[in-house]
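K.L.:
Below is one structure. I have some questions about it.
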Amino acid sequence: LHGFMEGAEIHKLQSDLGTYGLEQGFVTAFPNGTGDPVAWQTGDADSPDLAFIDTVVDEVGASRCIDTSRIYATGLSMGAFMTSLLACERADTF
(Lines give C-alpha, C1' and ligand atoms only; values in the text may rest on other atoms or scores of the structure.)
Protein backbone atom coordinates (compact mmCIF):
# COMPACT_ATOMS: atom_id res chain seq x y z
CA LEU A 1 0.00 0.00 0.00
CA HIS A 2 1.40 3.34 -1.07
CA GLY A 3 2.46 6.20 1.14
CA PHE A 4 0.86 9.62 1.56
CA MET A 5 0.78 11.59 -1.71
CA GLU A 6 2.56 8.73 -3.52
CA GLY A 7 -0.21 6.81 -5.23
CA ALA A 8 -0.30 3.24 -6.45
CA GLU A 9 1.58 3.76 -9.73
CA ILE A 10 4.61 5.32 -8.03
CA HIS A 11 4.57 2.66 -5.32
CA LYS A 12 4.41 -0.07 -7.96
CA LEU A 13 7.47 1.33 -9.72
CA GLN A 14 9.47 1.99 -6.55
CA SER A 15 8.77 -1.34 -4.85
CA ASP A 16 8.99 -3.54 -7.97
CA LEU A 17 6.85 -6.08 -6.09
CA GLY A 18 4.90 -6.83 -9.26
CA THR A 19 8.02 -8.08 -11.04
CA TYR A 20 9.10 -10.01 -7.96
CA GLY A 21 5.66 -11.59 -7.69
CA LEU A 22 5.80 -12.75 -11.29
CA GLU A 23 9.22 -14.30 -10.68
CA GLN A 24 8.15 -15.98 -7.42
CA GLY A 25 4.63 -17.02 -8.43
CA PHE A 26 2.39 -14.75 -6.39
CA VAL A 27 -0.25 -12.18 -7.30
CA THR A 28 0.40 -8.54 -6.41
CA ALA A 29 -2.23 -5.79 -6.29
CA PHE A 30 -1.55 -2.07 -6.02
CA PRO A 31 -4.74 -0.34 -4.84
CA ASN A 32 -4.87 3.43 -4.84
CA GLY A 33 -6.11 5.55 -1.95
CA THR A 34 -8.40 8.53 -2.41
CA GLY A 35 -8.41 12.29 -2.06
CA ASP A 36 -6.13 15.11 -3.06
CA PRO A 37 -3.44 14.48 -2.06
CA VAL A 38 -3.96 10.75 -2.36
CA ALA A 39 -4.03 9.03 1.04
CA TRP A 40 -5.51 6.21 3.12
CA GLN A 41 -8.14 6.83 5.78
CA THR A 42 -6.52 5.04 8.70
CA GLY A 43 -8.26 6.70 11.65
CA ASP A 44 -10.58 3.93 12.83
CA ALA A 45 -12.50 0.74 12.15
CA ASP A 46 -15.14 2.70 10.22
CA SER A 47 -12.67 3.66 7.49
CA PRO A 48 -14.25 3.30 4.05
CA ASP A 49 -10.84 2.15 2.85
CA LEU A 50 -11.34 -1.13 4.73
CA ALA A 51 -14.37 -1.90 2.58
CA PHE A 52 -12.41 -0.84 -0.48
CA ILE A 53 -9.58 -3.27 0.34
CA ASP A 54 -12.20 -6.01 0.96
CA THR A 55 -13.47 -5.36 -2.57
CA VAL A 56 -9.96 -5.49 -4.02
CA VAL A 57 -9.34 -8.87 -2.35
CA ASP A 58 -12.69 -10.20 -3.59
CA GLU A 59 -12.07 -9.01 -7.16
CA VAL A 60 -8.56 -10.42 -7.30
CA GLY A 61 -9.83 -13.71 -5.87
CA ALA A 62 -12.60 -13.84 -8.48
CA SER A 63 -10.24 -13.26 -11.39
CA ARG A 64 -7.14 -15.18 -10.24
CA CYS A 65 -6.51 -18.48 -8.50
CA ILE A 66 -5.26 -17.41 -5.06
CA ASP A 67 -4.60 -19.23 -1.81
CA THR A 68 -6.94 -17.41 0.57
CA SER A 69 -4.94 -18.65 3.57
CA ARG A 70 -1.92 -16.69 2.30
CA ILE A 71 -3.10 -13.11 1.69
CA TYR A 72 -0.66 -10.49 2.90
CA ALA A 73 -0.49 -6.72 3.01
CA THR A 74 2.55 -4.50 3.09
CA GLY A 75 2.85 -0.76 3.00
CA LEU A 76 5.15 2.21 3.03
CA SER A 77 4.65 5.18 5.36
CA MET A 78 0.88 5.88 5.45
CA GLY A 79 0.46 2.55 3.66
CA ALA A 80 2.08 0.93 6.69
CA PHE A 81 -0.57 2.58 8.88
CA MET A 82 -3.23 1.12 6.58
CA THR A 83 -1.53 -2.28 6.77
CA SER A 84 -1.66 -2.08 10.56
CA LEU A 85 -5.38 -1.22 10.44
CA LEU A 86 -5.94 -4.23 8.16
CA ALA A 87 -4.08 -6.47 10.62
CA CYS A 88 -6.33 -5.28 13.45
CA GLU A 89 -9.67 -5.12 11.62
CA ARG A 90 -9.27 -7.82 8.96
CA ALA A 91 -7.14 -10.42 10.75
CA ASP A 92 -9.43 -13.13 9.31
CA THR A 93 -8.26 -12.14 5.81
CA PHE A 94 -4.66 -10.96 6.27
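K.L.:
Quick check: with the 1.4 Å probe, what order do I71, I53 take by accessible area, largest first?
P.N.:
Order by accessible area, largest first: I71, I53.
K.L.:
Then there's this: Just how large is the dipole of the chain about the Cα centre, in debye to the nearest 20, putting +1 at every Lys and Arg Cβ and -1 at every Asp and Glu Cβ?
P.N.:
260
K.L.:
Of the candidates L76, L50, L22, which one comes out as most mobile in a Gaussian network treatment of the chain with C-alpha springs shorter than 10 Å?
P.N.:
L22
K.L.:
Moving to a separate point now. Ignoring ligands, DNA and RNA, please state the percent of accessible area on the chain from carbon and sulfur, probe 1.4 Å.
P.N.:
Here it works out to 54 percent.
K.L.:
Roughly how many Å² is the accessible area per residue of the chain, as a whole number, for a 1.4 Å probe?
P.N.:
Roughly 64 Å² per residue, with all protein chains present.
K.L.:
If Rh is defined by the Kirkwood formula over all Cα pairs and Rg also comes from Cα, what ratio Rg/Rh do you get for the chain?
P.N.:
0.94
K.L.:
Turning to a different aspect of this structure: Which of D46, D36, D67 moves the most in a Gaussian network model of the chain with Cα springs under 10 Å?
P.N.:
Residue with maximal mean-square fluctuation among D46, D36, D67: D36.
The values are calculated or read from the model by the stated rules, or taken from the named source; none is laboratory data. Note that the structure is a prediction, hence the values are computed from the model and not measured. Using ideal geometry, Cβ is built from the backbone for each residue, glycine included, and neighbour counts are taken over all protein chains shown. Note: accessible area is taken over every heavy atom of the protein model, side chains too, but ligands, DNA and RNA are not part of it. Shrake-Rupley method; radii C 1.70, N 1.55, O 1.52, S 1.80 Å.
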